[in-house]
Every structure is written in C-alpha cells, then in structure tokens.
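The values are calculated or read from the model by the stated rules, or taken from the named source; none is laboratory data. Not measured: the values here are computed from a predicted model. Cβ placement follows ideal geometry from the backbone for every residue including glycine, while neighbour counts extend to all protein chains displayed. Note: accessible area is taken over every heavy atom of the protein model, side chains too, but ligands, DNA and RNA are not part of it. Shrake-Rupley method; radii C 1.70, N 1.55, O 1.52, S 1.80 Å.
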Amino acid sequence: MRRRPVSSSVLASVGYDAARRILEVEFLHHGIYRYVGVESAIFRALLAAESKGRYFQARIRDRYPHERLA
C-alpha cells in the first residue's frame, strides 16, 4: 500500500485501501501499524484534520483492530 507523507509531530505517513477498508499509519518513532475496518470518511477526516495526531488519538486508536507491521 502506498502511504503519503503528512504534516504531523506524531505521524510520518498514512495510506488507505478503500476496497479492504484498511488504514496504514507510519509513526515517526513507533513503526507502522495497520488498522482494519476503517471507513473512508475517517481516512478523509484524518487527512483534513488540523492536528492529525489528536484526530488519530480520538477517532482511530483503540477503536479498530490493529497489528504492528514494522
């Protein structure tokens, strides 16, 4: 999956597979995680958020099954 760089003090890049509803998040210091079952609206809102780290904490972290990739 291709990830795109984001402007954030926490996140380095994010990618999304709409067909499989999978979000990948690369953190600046904690590796890459895959989140399953994420709606496309959540991904779009993450990209649009003024603070991507805060949005991630409030709307994604601990709300979707996930695994560490790297």
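Restricting to the stretch 32-48, and then to whatever is open to solvent by 20 Å² or more (accessible area, probe 1.4 Å) and not in a helix (DSSP H, G or I), can you tell me which residue is farthest from Pro5 (Cα to Cα)?
By that ranking, first place goes to Gly37.
Any chance you could count how many residues in the stretch 11-25 are within 17 Å of Ser51 (Cα to Cα) and open to solvent by 60 Å² or more (accessible area, probe 1.4 Å)?
Counting residues in the stretch 11-25 that are within 17 Å of Ser51 (Cα to Cα) and open to solvent by 60 Å² or more (accessible area, probe 1.4 Å) gives 0.
How about the stretch 49-67: which of its residues are outside any helix (DSSP H, G or I), over 18 Å from Gly31 (Cα atoms) and open to solvent by 30 Å² or more (accessible area, probe 1.4 Å)? Before the answer, list the steps.
Of all residues in the stretch 49-67, those outside any helix (DSSP H, G or I) come to 49-51, 60-67.
Then keep just the ones that are over 18 Å from Gly31 (Cα atoms); that gives 49-51, 63.
Passing the criteria: Glu50, Ser51, Arg63.
How many residues are closer than 16 Å to Val6 by Cα and free of Cβ contacts under 8 Å to residues at least 24 places away in the same chain if we restrict to the stretch 49-70?
Going through the stretch 49-70 one residue at a time, the tally reaches 5.
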